[in-house]
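What follows is a short report on a single structure.
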Amino acid sequence: MLASLTPVTDGYEARFERRLKHTAEKVWSSLTVNDKLAEWFPELRVEELREGGSIRFDMQDGTFKELEILELREHSVLEYAWGEDRVRFELYPEPGGCRLVLIETIREMTGHTPKDLAGWHVCLDVIAALLDGRKIVRMEEWKLAYEDYKQLLRTF
């Protein structure tokens, strides 16, 4: 399912939702434990898991960006700066698992925005697949999602 896009006061909000057959605690570890995080986003590494702490983004060119953790509620909320934007993960326990919500606050739509949205879309699919013990072909999935997000953004 594609993210929903909504205009907000200072830009746009992309909202992704996935219902997972795993506990919020188990999904939380996929977001915050470096070995598990590396399975779905190898460029990210949690440095200090606390508000005001940081997540390090490996730019793959020998440089790193420090992404400040803006809000943290264990097993519930992880929000951090993403350049000029914000990325927020929310977990809601449900019978038989949990609901994972990713909200990206986007200040300005650019030519790169559909690539980012497709990337987050596939990341969530990879998290679900890993938790279920499955694998997916990331690049093939990304190409499909990218075309869908390019189409979606034409309306904005």
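The values are calculated or read from the model by the stated rules, or taken from the named source; none is laboratory data. None of these values were measured; they are calculated from a predicted model. Cβ coordinates were reconstructed from backbone atoms using ideal geometry, including for glycine residues, and neighbour counts include every protein chain displayed. Surface areas here come from the heavy atoms of the whole protein model, side chains and all, with no ligands, DNA or RNA. Shrake-Rupley method; radii C 1.70, N 1.55, O 1.52, S 1.80 Å.
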*Compute the accessible area per residue over the chain, keeping the other protein chains in place, probe 1.4 Å, unit Å².*
56
*At a probe radius of 1.4 Å, what is the per-residue accessible area of K36, in Å² to the nearest 10?*
90
*With N residues in the range 78-156, what two-decimal value do you get for its Cα radius of gyration over 2.2 N^0.38 Å?*
1.20
*How far apart, in nm, are the 7 Å Cα→Cβ label points at K26 and T6?*
3.0
_Bins of 5 Å, beginning at zero and ending with the bin holding the largest distance: percent of Cα pairs per bin for the chain, please._
2, 9, 17, 23, 22, 17, 9, 2, 0
*Report, ordered by chain and residue number, the lysines lying within cross-link reach of K36, taken as a straight Cα distance under 22 Å and ignoring same-chain residues fewer than 8 apart.*
K21, K26, K65, K135
*Of the heavy-atom accessible surface of the chain (probe 1.4 angstrom), what whole percent is carbon and sulfur?*
49
_Inverse of mean 1/r across different Cα pairs in the range 1-49, Kirkwood, Å_ = 13.1
*In whole angstrom, how far apart do the alpha carbon centroids of the range 75-121 and the range 10-52 sit?*
9
*When all protein chains stay in place, what accessible area (Å², nearest 10, 1.4 Å probe) is found for W120?*
10
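Pairs of Cα atoms under 8 Å, at least six residues apart: use those to get the relative contact order of the chain, whole percent.
22
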_Dimensionless Rg ratio for the range 17-75, taking C-alpha atoms and the 2.2 N^0.38 Å reference_ = 1.20
*asked:* Cross-link candidates for K115: which lysines have Cα within less than 16 Å, leaving aside residues fewer than 8 places away along the same chain?
replied: K143, K150
